[in-house]
Every structure is written in structure tokens, then in C-alpha cells.
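*Asks:* Take a look at this one; I'll ask things after.
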Amino acid sequence: MLSFTDIEKKKIVELVDSLRNLVGATLLPDDEEKLRRLIYDAMEKGVMERDVFGLNPLLMSLQTAYIAVEEIGLRRDGLMATIIYPLISKSKEADGGEGLAMDTVEQLFGPGVSAILRGLLRVQELYRRTPVIESENFRNLLLSFAEDMRVILIMIADRVNVMREIRDTENMEMQRRVAEEASYLYAPLAHKLGLYMLKSELEDLSLKYLEHDAYYMIKEKLSATKRVRDRYIQDFIGPIREKLEAVGLKFHMKGRTKSIHSIWQKMKKQKCGFEGVYDLFAIRIILESEPQNEKMECWQVYSIITDMYQPNPKRLRDWLSVPKSNGYESLHITVLGPENKWVEVQIRTERMDEVAEKGLAAHWRYKGVKAGGGMDEWLSAIRSALEAGDDMQVMDQFRKDLYEDEVYVFTPKGEIKKFPANATVLDFAYLIHSRIGNQCVGARVNGKNVTIREELHSGDTVEIITSASQKPKRDWLGWATTSHAKSKIRHALSEAQAQEGMFAKELLERRFKNRKIEIDESLMHQLIKKMGYKDASDFFIAIANEQLDVLTVIDKYLEMRDGTAVVNGVAVGQDSVTPRSASEFVMRDNTSEGGNDSKRLSSDVLVIDKNIKGLDYQLAKCCNPIYGDDVFGFVSVSGGIKIHRNDCPNATDMRQRYGYRILKAQWSGKGSEQYDITLQVVGNDDIGIVNNITSVISKEEHISIRGINIDSRDGLFKGSITVKVDDNTKLESLMKKIRGVKGVRLVQRV
């Protein structure tokens, strides 16, 4: 049975009295008696035993409960759960996973207490499952696992208590591990919750255990300089106080010494000794201002101080005009005070000071609390709810608002991956690797076989099952939820289609060869258009998908070539219409008359001069016109017509020297071809910017990348990207989207 020292007995009695005074009004009549019986039963069963540091579990739970109640603000349910948790967790270990039943706890103390305990046990299981807890994802998963936010608050209180009690332990390895977790996990959580005193204590104690010499060096130097520092502060603020009172401002002033941890961080950052940290303290001037006068009075104080002391303009921080993203508002200046010492002065109002001291919770009391919006806002809202009276319904709503949009799951190795809500096994597979995604046939989630459409939930452990014969299908686009997975699926489908198209093209060429038919590429191109296909790739894909029969294609080709109707290779009649040649059309310059302006334009053609169609022409290489561009025709020396853009680099010269050879031209109907266009892109050489640009292009329908060339130099990249587009409208839309990519400075058509 667990034994108690006299000191432990005395501390326990004092803690029980203190807790009774703090939360006695919220306790039920028989709570203490029920709790006492549970503790005695656990002691008789030998469940309660000292931890790895030799600390008494009952005393530790009471100390943690006191921190949770006194310094955080929890009440009856939080108190009971904190004290019962060591009993129930150790009981489960002793009874091989059974232990004290949760139903029993709920009957004795109610659903609020059992909910907190379930959360604590889930978090305990989370710790056992993952070896990687240094990441932001683990912190987020920890929060989503907790369900009831009081779980996190109790964990912070427990870690503060442990850090206080292990100062004399001989188990140095465990002390270091506990201190490291306090530094990178619990201190940031306490900071986000607005528990700044506990956060500062966790950081200082972590430094004490992890870097003992640095901690005591700074502590001793602070103690040695305290009297001098206090006297200097009084000498500095005395004249300022007189000036501010003289102009009628209402205010109060105080000096604040930096924490040991923050001083050490500054020494490392600035690579200097203790004496090199000149801003060991800051003077804070807090004004009692009306909301409409806040900024004006802050700048008035700034003017008074900078008249008295020389300011350092490089150290001016104006968070009045543009507050920080967390709502922090203040005006920071550094001035040269007496004895040529630099002093930081913070100027703010009482409202600003409350936000600075208590985080976004205070900010929302002025601005109005809004659910959602991210981790920081959510945690601060919980702090606000605590101060408003431990309204756990409000807390639970904030948790739902935050985590309805994201889930955290494990890889088999214990790594944590974040996904949007409703993400599936397919999203997980593509996040691991595109090859894994392409060959995914299912997964084992928590040891159970599931399909690729299975939805993921926070805490799931996912192991992907693959097959070399598996290939992506178009249906997968409806099963995946992340843009990353959908992009990879589209890419795989596009490659597969291209490959199938190549096979279909080879098949068609073999059939033509077997029939001893020579393929005329120009005639084949006309046939593809006539059969209603926008480009050759769609045509060959239709053959590959058996939507189009090869024999039908051959028959129609012969029909176009010979002017004879062909059915299954047999001529069935003579076409009475002889195909017309472009030579029949009379070439006209832009001053000639003729044509029929009212005649309806046929689709998919370029109309040259006054509605004359059917002329042979070529698109000029110097400006690469595409459907939709403002264009004109130019009669070349050989008699052919070249089509140029109106803004072609050579247009001015051609109009001035060869105006008589210029023909009007315009596009008619709907564009049916795709054009290769090269874009020149210049931007900052930031990590991932090229990937962001190509991602924008790949998401556009009917636009594909044909080539890319990037050169980086002196922090900038310059590149050319060749894309295939339908018309200038889509091209302009694409260029606008590329310009919207962060870091892109210039996008222009070559």
C-alpha cells in the first residue's frame, strides 16, 4: 500500500482545504465521500504507486487540480477528473485493460467528468501510438483528440506541476525528456490559450533543466543588477511622468523585466553576452483613453518622449496603424536615456494592454467572438469562455467549428498527415506518392481492409494496398477530395489517353497500309474536322475507346479523296460535285469591291478580304496569331497569304511599305483548332513558384503544356512556357491567372 511522508500528509490536507474553498460551492453534497472511497479502493488494490521520479500520485493530482482551478479557472468537473485520472489509468494497467469502468465513474460523478476522463485516456493512447510529437500536426491532432478542451487545460496544468516538482530528481534523462516536451508542445499551447504566466514558467523551467549553466548565469546577473535597474527605471520615468501630467493625460506606468528564457533567446540571436542585451526591461505607459482618442493620445505621448530623449528610428515599431494579426496594438520606441543607455518604451491604452496580456480572448471582448477561423482564434475563444464561467457548450462548439474542416491520420510509421474533412483513402495514397496513388486498390485502416473510397477520420492509421495492374479511372476524380490527388489523377488519365491515342494511330496506319492506301496528312486533317473532332488526339482516343470504327474511317477517307461514296470499301455512286480549288477565287486588295457583306459566315474558317472564304493561307511565325486575335492578311512574293496579328512587330513596316498587299481578315464561327503559344514569365526565384505556375496551367481545361524552359539568376527566374490553347480568350484568361501567382512579376506573349 502507498505510504505517505509527514510532509506529504501536511501538503495534502492544505491542498484539500484550499480546493474546498475555491470550488466548494460547485461540489455536490456527496462528491467528497465518493472520491475518498475511490482513492481508498485504489490504494488497497495497490494501484496507486509513485512515478518514475518517485513522486506521490495523490499529492501530484491534487497539486495539478489546484493549478487547474486557481490559475486556469476550471471548476467541479475539471477538479474531479484531474484527481480521478491517475486512479483510472493505473487501474486499467493493473487489471490488463479493464480497471475502473467509465460507466461507474459516470454514475458516481456525471457525464461531464467521464467525458474529460475519456479525453485524457484517448490522449494517453495517442502518446503511445506515435513516436513523432515535435510537429505542429501532432499539436493539432492532440487538440482534435481531446474532444473536451478541459483535457488540454488539465494537461498543461499537469506539466507545469511536474516541471515544478522534478527540480531535485536524479533521473536526469526523464527530466530532460519532460522539459523538452514542455518547451515545444505545452508552452506554445499555453501561449495560444492566453495562459502567459504558465507559458513563461514552462519556458524558464525548461531552460533551467536543459541548459542549467545559462539559466543560473542569467538569474544571478539579474539579481545582481536588480537594485541598479530599479533605480534607473525610477530616474527615467520621473521626468516623463511630470510632462504627461502637465498636458492632462490619465495614465499609469510600470517597468517589466524580460523572462530568463527570452533573455537567453536574445543572447543567442544577437550572439552576445548578457551585458550586450541592452533591453533587459521595458517601460510601459498605459493610457486611460476613450476609444476615439486612442491613437491620437498614443502619438502625443510618443512626441513628448522623443522630445526628451533621442529616439532610434530603426527600432520604431508601429502596431497602431497596422495591428498584428493576433490583434496586438502598441507603439514601441527605443530612446537613449540617462547614462547613454537604450531603453524600450511601449505606449498603449488599457484596452490594448488587456489584449496584449490576455491574448485574443480579450480582443474578442471588444470586437465580438466569432467561431472558426483557425487554431489561434479558436484557442483564445476557449480562454474567453473560461473567463465567462466555464461554459463548456461554447467550448465544444468552437472545437467542432475548427475540426469540421480537417482530419489528422497516421502512416504505419507513426507520421501524422493532415487532410480536409471527407478525405478518402485515395487522397492519402496520392499524398504519399503518385505511383502509390495510381496503383492503389484499397487500404488497411486500423487493421481493417477498406476500399479506396473509404472516408478518413482523425486518429486513423492507414496502410495503402497496391497492385501493379491497377490504373487510375475517371471515377476516381469524384472519390478524391484534395486538389493534389485530383491533379495527379488527371495527369495519369491524360498520359494514359495519350498512350492509347498513339496505339490507335499505329493501328489506323497499319490498316491503311494493309489496304495499300497512302495517307495524305492534309486530307486526314480535313476528315478529322468533318467527323466533328476538335483535334487529332480526340479522334484517336475515340478509336482507342471503340467509339469510332477503323473501317468507317477508311471508307470516309476514300470518299473524301475520290469524291465517291464508299460503304465497306465498295464505291456506290459518283458525286456530282467537283471539289473547288482555291485558285478559283480572285485575290482582292483592301480597296476592291465585291462580295456579299450580309452573307452568313460559315463556321470554323478565316474570312479574308470581303467575306471571301476558301483561300489558302498560312499563319505567320513572327507573331503566331490564334483564333480570336485581331488579324490581317499579307500577300507574299510567292502569291500565298500570310496571316499576321494587328500588333505584330512587323505590322507597321508592312503597312508603310507594302500597303497595297494588305488584305482584311477576320475569324468566323467557332475556333476548332489548337495553337502552340509561347509565354515569357519573369518572377522571384522563390521555392515552389514554378510548381505553382504549372499547377495553374494544368487545372485549365483544353490547355496543355508543350514545353518549359526556366533560367534562374540573382534571385529572379526567367522562363518560356509553350502551351496549346484554343483561342485568345482562353489565353488571356490563363495569363491573368499566372499573373496572380505570388512572386510572378511579368507574363507576356512571345
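The values are calculated or read from the model by the stated rules, or taken from the named source; none is laboratory data. Note that the structure is a prediction, hence the values are computed from the model and not measured. All Cβ positions, even for glycine, are placed from backbone atoms using ideal geometry, and neighbour counts span all protein chains on display. Side chains are part of the model used for accessible areas, which takes the heavy atoms of the whole protein and leaves out ligands, DNA and RNA. Shrake-Rupley method; radii C 1.70, N 1.55, O 1.52, S 1.80 Å.
*Asks:* Surrounded by fewer than 18 Cβ atoms within 10 Å (Cβ to Cβ) and more than 27 Å from Ile528 (Cβ to Cβ) - does that describe any residue in the stretch 665-679?
*Replies:* The answer is no; no qualifying residue exists.
*Asks:* Same structure again: Looking only at the stretch 403-433, filter to residues that are of a type in the set (D, E, K, R) and farther than 17 Å from Thr451 by Cα; which one of those is least open to solvent (accessible area, probe 1.4 Å)?
*Replies:* Ranking the qualifying residues of the stretch 403-433, first place goes to Glu406.
*Asks:* Would you confirm whether any residue within the stretch 50-66 is modelled with pLDDT under 85 and in contact with a helix residue (DSSP H, G or I) (Cβ under 8 Å, 6 or more places away or on another chain)?
*Replies:* Scanning the stretch 50-66, I find no residue that is modelled with pLDDT under 85 and in contact with a helix residue (DSSP H, G or I) (Cβ under 8 Å, 6 or more places away or on another chain), so the answer is no.
*Asks:* How many residues are touching a Ser or Thr at 6+ places or on another chain (Cβ under 7 Å) and surrounded by fewer than 24 Cβ atoms within 10 Å (Cβ to Cβ) when one looks only at the stretch 148-168?
*Replies:* The qualifying residues number 2.
*Asks:* Select from the stretch 183-215 the residues that are in contact with a Gly (Cβ under 9 Å, 6 or more places away or on another chain) and surrounded by fewer than 20 Cβ atoms within 10 Å (Cβ to Cβ) and list them in ascending order.
*Replies:* His191, Tyr196
*Asks:* On to the next question. Output the helices (runs of 4 or more DSSP H) that fall wholly within the stretch 135-201 and possess 1 or more residues being at pLDDT 90 or above, or say none.
*Replies:* In the stretch 135-201, 150-165, 172-181 are the helices (runs of 4 or more DSSP H) which contain 1 or more residues that are at pLDDT 90 or above.
*Asks:* So which residues in the stretch 234-261 are in contact (Cβ under 8 Å) with a residue 40 or more places away in the chain, assigned to a helix (DSSP H, G or I) and open to solvent by less than 80 Å² (accessible area, probe 1.4 Å), if there are any at all?
*Replies:* Within the stretch 234-261, Phe236, Ile237, Pro239, Ile240, Leu244, Ile260, His261 meet the criteria.
*Asks:* Moving on. Looking at Glu49, Glu71, Glu33, Glu44, can you tell me which residue is under 17 Å from Ala157 (Cβ atoms) and surrounded by fewer than 20 Cβ atoms within 10 Å (Cβ to Cβ)?
*Replies:* Only one candidate passes the filter, namely Glu71.
*Asks:* Which one of Leu108, Leu100 is at pLDDT below 80 and surrounded by 12 or more Cβ atoms within 10 Å (Cβ to Cβ)?
*Replies:* Leu100
*Asks:* Just need a number here: residues in the stretch 688-744 that are of a type in the set (Asp, Glu), under 17 Å from Ser494 (Cβ atoms) and open to solvent by 20 Å² or more (accessible area, probe 1.4 Å).
*Replies:* 2
*Asks:* Run Gly683 past the list (1) surrounded by 13 or more Cβ atoms within 10 Å (Cβ to Cβ); (2) in a helix (DSSP H, G or I); (3) in contact (Cβ under 8 Å) with a residue 60 or more places away in the chain and report the number of the one that doesn't hold.
*Replies:* Against the list (1) surrounded by 13 or more Cβ atoms within 10 Å (Cβ to Cβ); (2) in a helix (DSSP H, G or I); (3) in contact (Cβ under 8 Å) with a residue 60 or more places away in the chain, Gly683 comes up short only on (2).
*Asks:* Count, please, the residues in the stretch 504-518 that happen to be surrounded by 13 or more Cβ atoms within 10 Å (Cβ to Cβ) and either free of Cβ contacts under 8 Å to residues at least 24 places away in the same chain or of a type in the set (A, V, I, L, M, F, W, C) (or both).
*Replies:* 5
*Asks:* Which one is farthest from Pro420 (Cα to Cα) among residues in the stretch 471-489 that are in a loop (DSSP other than H, G, I, E, B) and open to solvent by 40 Å² or more (accessible area, probe 1.4 Å)?
*Replies:* Lys471
*Asks:* Here are Ile697, Ile708, Ile721: which of them is under 30 Å from Trp667 (Cα atoms), part of a helix (DSSP H, G or I) and without any contact (Cβ under 8 Å) to a residue 60 or more places away in the chain?
*Replies:* Answer to the check: Ile697.
*Asks:* Continuing with the same structure: Looking at the stretch 618-649, which of its residues are under 18 Å from Asp727 (Cα atoms), open to solvent by 20 Å² or more (accessible area, probe 1.4 Å) and in a strand (DSSP E or B)?
*Replies:* Those that are under 18 Å from Asp727 (Cα atoms), open to solvent by 20 Å² or more (accessible area, probe 1.4 Å) and in a strand (DSSP E or B): Gln618, Leu619, Arg645.
*Asks:* Among the candidates Ser638, Ser602, which residue alone is modelled with pLDDT under 85 and out of contact with any strand residue (DSSP E or B) (no Cβ under 7 Å at 6 or more places or on another chain)?
*Replies:* None of the others qualify; the one that does is Ser638.
*Asks:* Take the stretch 528-554 and flag every residue that is touching an Asp or Glu at 6+ places or on another chain (Cβ under 9 Å), assigned to a helix (DSSP H, G or I), touching a residue at least 12 places away in the same chain (Cβ under 8 Å) and not basic (Lys, Arg).
*Replies:* Hits for the stretch 528-554 are Phe540, Ile541, Ile543, Ala544.
*Asks:* Just give me the residues in the stretch 688-724 being among the charged types (D, E, K, R) and under 22 Å from Ser537 (Cα atoms), in sequence order.
*Replies:* Lys699, Glu700, Glu701, Arg706, Lys724, listed by residue number.
*Asks:* Keeping to the stretch 503-527, report how many residues are within 13 Å of Tyr557 (Cα to Cα) and not in a loop (DSSP other than H, G, I, E, B).
*Replies:* The number of residues fulfilling the criteria is 11.
Table: residues versus (1) surrounded by 14 or more Cβ atoms within 10 Å (Cβ to Cβ); (2) assigned to a helix (DSSP H, G or I); (3) of a type in the set (S, T, N, Q).
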| position | (1), (2), (3) |
| --- | --- |
| Trp264 | yes, yes, no |
| Lys268 | no, yes, no |
| Arg284 | yes, no, no |
| Tyr302 | yes, yes, no |
| Asp307 | no, yes, no |
| Leu320 | yes, no, no |
